[in-house]
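This report concerns only the one structure given below.
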Amino acid sequence: MKAVFPGSFDPITNGHTDIVRRALSIFDTVVIGVLENPEKETIFSTAERVELIKQEFEAEGDKVVTASFSGLLVDFVKNQDAQVIIRGLRAISDYDYEAQLALMNKTLAKNIETLFLITSESSSYISSSLVRQVAKFGGAVSELVPAHVEKALKEKFKR
Ligand code: PNS
């Protein structure tokens, strides 16, 4: 069975990698869908975000597929021949937004289910936006993101 894990991944964090690895114990294949949204400014381009994810899951072979998408998530899920969307839930504050997304996706596609995984305790406070903030001001992000992502952040904010 195949599941889609969608997000902006600007950049991928240890919270995301934890969810993907745990999803792999339930699903045969996890497709990581990287949203390409011209209206939302990101520090990493879509190609860069995809590349950073691919590097992380190189050892997983074709059990993890990374692709970008634009438009509706449910259309991407259908195109990938999947029926499950995975989302990570950190705290109760995530719930409102996540419930909105899940219910909207349910309205758009009745046969697609959203499955929530609670993040591990150690990554429950990590978000890409906080990681970007910390990295921008030269703080240490080594416990928050994979090493190659930390390197890419340092490069990005060097300029
Ligand atoms: O990591 P993020 O930024 O919280 O992920 C949000 C994402 C990509 C899952 C969401 O914005 C999305 O699905 N966008 C695609 C557009 C869409 O399908 N919208 C309708 C559902 S509300």
> Assuming residue 91 fulfils every condition listed in (1) at pLDDT 95 or above; (2) out of contact with any helix residue (DSSP H, G or I) (no Cβ under 8 Å at 6 or more places or on another chain) apart from one, which condition is it?
Replying inline: (1)
>> Suppose we filter 74, 84, 50 for residues that are touching a helix residue (DSSP H, G or I) at 6+ places or on another chain (Cβ under 7 Å), of a type in the set (Val, Ile, Thr) and buried (at least 17 other Cβ atoms within 10 Å of the Cβ); which single one remains?
In response: 74
>> Can you pull out every residue in the range 8-26 that is part of a loop (DSSP other than H, G, I, E, B), in contact with a strand residue (DSSP E or B) (Cβ under 9 Å, 6 or more places away or on another chain) and surrounded by fewer than 19 Cβ atoms within 10 Å (Cβ to Cβ)?
In response: 8, 24, 26
> Scanning the range 124-142 for residues that are surrounded by 13 or more Cβ atoms within 10 Å (Cβ to Cβ), small (Gly, Ala, Ser) and away from the ligand (no atom under 14 Å from the Cβ), which turns out farthest from residue 102 (Cα to Cα)?
Replying inline: 135
> Does residue 39 meet the test of being surrounded by fewer than 21 Cβ atoms within 10 Å (Cβ to Cβ) and in a helix (DSSP H, G or I)?
Replying inline: no
> Any residue in the range 81-92 that is hydrophobic (A, V, I, L, M, F, W, C), more than 24 Å from residue 51 (Cβ to Cβ), without any contact (Cβ under 8 Å) to a residue 40 or more places away in the chain and within 11 Å of the ligand (Cβ to nearest atom)?
Replying inline: no
>> I'd like to check something: does the range 43-65 contain any residue that is in a strand (DSSP E or B) and away from the ligand (no atom under 13 Å from the Cβ)?
In response: yes
> Are there any pairs, at least 6 apart or on different chains, whose C-beta atoms fall under 9 Å, with the first in the range 99-112 and under 14 Å from residue 78 (Cα atoms) and surrounded by 12 or more Cβ atoms within 10 Å (Cβ to Cβ) and the second modelled with pLDDT of 95 or more and of a type in the set (Ser, Thr, Tyr), and if so, which?
Replying inline: 105/114; 106/114
>> Can you tell me how many residues within the range 148-159 are free of Cβ contacts under 8 Å to residues at least 60 places away in the same chain and surrounded by 10 or more Cβ atoms within 10 Å (Cβ to Cβ)?
In response: 4
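The values are calculated or read from the model by the stated rules, or taken from the named source; none is laboratory data. Remember, predicted model here, so these are calculated numbers, not experimental data. We place every Cβ from the backbone using ideal geometry, glycine too, and count neighbours over all the protein chains shown.
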